[in-house]
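Here the structure is laid out as structure tokens; the discussion comes afterwards.
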Amino acid sequence: MSGPTLEQIAKGDGLALCAAGSWTARFAPALEKLVGEAEKLTGSRPNIFIDVSQVSKLDTFGAWLIERLRRALTNGGHEAQIAGLSANYATLVDEVRRVKPTVPLPASGSALTAVLDGIGRNIYGIGETLVALVDMIGAVIAAWFRVWRHPSKFRLTSVVHHLQQVCWNAVPIVVLITFLIGCIVAQQGLFHFRRFGADVFVVDMLGVLVLRELGVLLVAIMVAGRSGSAYTAELGSMKMREEIDALRTMGFDAIEVLILPRMVALVLALPILAFLGAMAALYGGGLVAWLYGGVDPSSFLSRLREAISINHFIVGMVKAPVMAMVIGIVACVEGLAVQGSAESLGQHTTSSVVKGIFFVIVMDGVFAIFFASIGI
């Protein structure tokens, strides 16, 4: 296979660039050098044409370099022409010619313009994220109704598998962290309440705070960091390896096969984990209240029964499945947005965790306003 060449032949007031040899990606460095030198001829002659009749082999890379050279040599009203194209390569060059060149944005030295540009891009990105989330919510709801009408499509084995990953395997770390948080909250409460001789009120604070807010919020944040990132990484890896495209080719709905079982498992798992986390936090707080504050277990339980009601427990449990849906939707959207590189996978996994935690906190604030407005 002969290497590529690009010979310059003067013809009157015109100039012919005669390409020969193999113009393929195998000879990329040599081709880049040849085309780079030829591009310097811009404006040297009014009539320039590129003769490719002697090109023995041409691929997309070589076709693009020829088209790039033609565009570079086009000067004012004089357009460089490509001559000698064989029928085998004419279609390839025509396809490459349809690619529009990217118009670079004008550089601006204004700092204010740069700031406004960044703000605009961020707002546009937020809009894109919200549209993608709404689209995913609609797709999941539609898939759920399809499964509801045809129960045989429901993938119970997949749900059980994901439930084990999301719930059972997460129990140790969730219980440990919530136990420690309960200990810390009780210790800090005792330290400050003791100044006013109100040590026993730490039980009220611990019970209400853990059951209404802290228990479910901490567990949701941990699930977003643990399971949400795992969902994004799994779906992103499938997207990179084109496994999702293969599923669609075989006639399967990716939402039903991949996303719906994960969503169902997450919605079932988070209330269970929130309950276990709340109990662990109360146990840790009671242990510290006994060892550090001198509040014996019987007094702790008696005060806890007086301080809390079933409404506090219901408030926490109602939040859990909604937060689970938010985490799952965000994780799946980010996973399906992964492109074909490891860098893209890392970026979207990080984005999944950040956005998941953000929306969990926002939803917690919305629930707080809602329950306050109805007097619960």
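The values are calculated or read from the model by the stated rules, or taken from the named source; none is laboratory data. This structure is a prediction, so every number in the text was calculated from the model and none was measured. In this analysis, Cβ positions are derived from the backbone assuming ideal geometry, glycine residues included, and neighbour counts consider all displayed protein chains. Surface accessibility is based on the protein's heavy atoms, side chains included, excluding ligands, DNA and RNA. Shrake-Rupley method; radii C 1.70, N 1.55, O 1.52, S 1.80 Å.
The charge dipole of the chain, taken about the Cα centre with unit charges on the Cβ atoms of Lys, Arg (+1) and Asp, Glu (-1), comes to about 320 debye, rounded to the nearest 20. When +1 charges are put on Lys and Arg Cβ atoms and -1 charges on Asp and Glu Cβ atoms, the dipole computed for the stretch 201-242 relative to its Cα centre reaches about 160 debye. Report the Cα centroid-to-centroid distance between the stretch 201-261 and the stretch 120-196 in angstrom, as an integer. Using only Cα atoms to place each centre, the spacing works out to 5 Å. Lys355 sits with roughly 50 Å² accessible to a 1.4 Å probe, with DNA, RNA and ligands left out of the calculation.
Here the chain carries DSSP beta bridges of which approximately 40% are antiparallel, counting only pairs with both residues inside.
I'd like the orientation of helix 229-240 relative to the chain: the angle between its Cα long axis and the longest Cα principal axis, in ° from 0 to 90, rounded to 10. Approximately 20 degrees, to the nearest 10.
For the stretch 280-339, a/c is not less than 1.5, where a ≥ b ≥ c are the root eigenvalues of the C-alpha gyration tensor, and a/b does not top b/c. That puts it in the oblate class.
Residues Thr129, Thr178, Thr157, ordered by accessible area of protein heavy atoms at a 1.4 angstrom probe radius and largest first, appear as Thr157, Thr129, Thr178. Scanning residues 5 or more positions from Val295 or on other chains, those with amide H under 5 Å from its amide H are Trp290, with H placed 1.01 Å from N in the peptide plane. Here is the list for the stretch 218-305: trypsin sites (Lys or Arg not before Pro) lying in DSSP coil, each with at most 14 other C-beta atoms within 10 angstrom of its C-beta, are Arg241.
Taking only protein heavy atoms and a 1.4 Å probe, the accessible area of the stretch 168-313 is 69% carbon and sulfur. Phi-derived couplings, Karplus 6.51 cos²θ - 1.76 cosθ + 1.60 at θ = phi - 60°, listed residue by residue for the stretch 251-260: x, 8, 8, 4, 5, 5, 7, 9, 8, 4 Hz, with x used for Gly and Pro.
Using the 2.2 N^0.38 Å rule of thumb for compact globular proteins, work out how the chain stacks up: its C-alpha Rg over that value, please.
On the way: Rg = 32.2 Å, N = 376, 2.2 N^0.38 = 20.9 Å.
So the chain has a normalised radius of gyration of 1.54.
Using a Gaussian network model on the chain with a 10 Å cutoff between Cα atoms, which of Gln165, Gln54, Gln347 fluctuates the most? Its mean-square fluctuation being the largest, the pick is Gln54.
Translational D (Stokes-Einstein, µm²/s) of the stretch 179-335 at 37 °C and 0.692 mPa s when Rh comes from the Kirkwood sum over C-alpha pairs? Here the translational diffusion coefficient equals 188 µm²/s. Using helices alone, what [θ] at 222 nm do you get for the chain, with -39,500 (n - 2.57) per DSSP H run of 4 or more residues, divided over all residues and rounded to the nearest 500? For the chain, the value works out to -22500 deg cm²/dmol.
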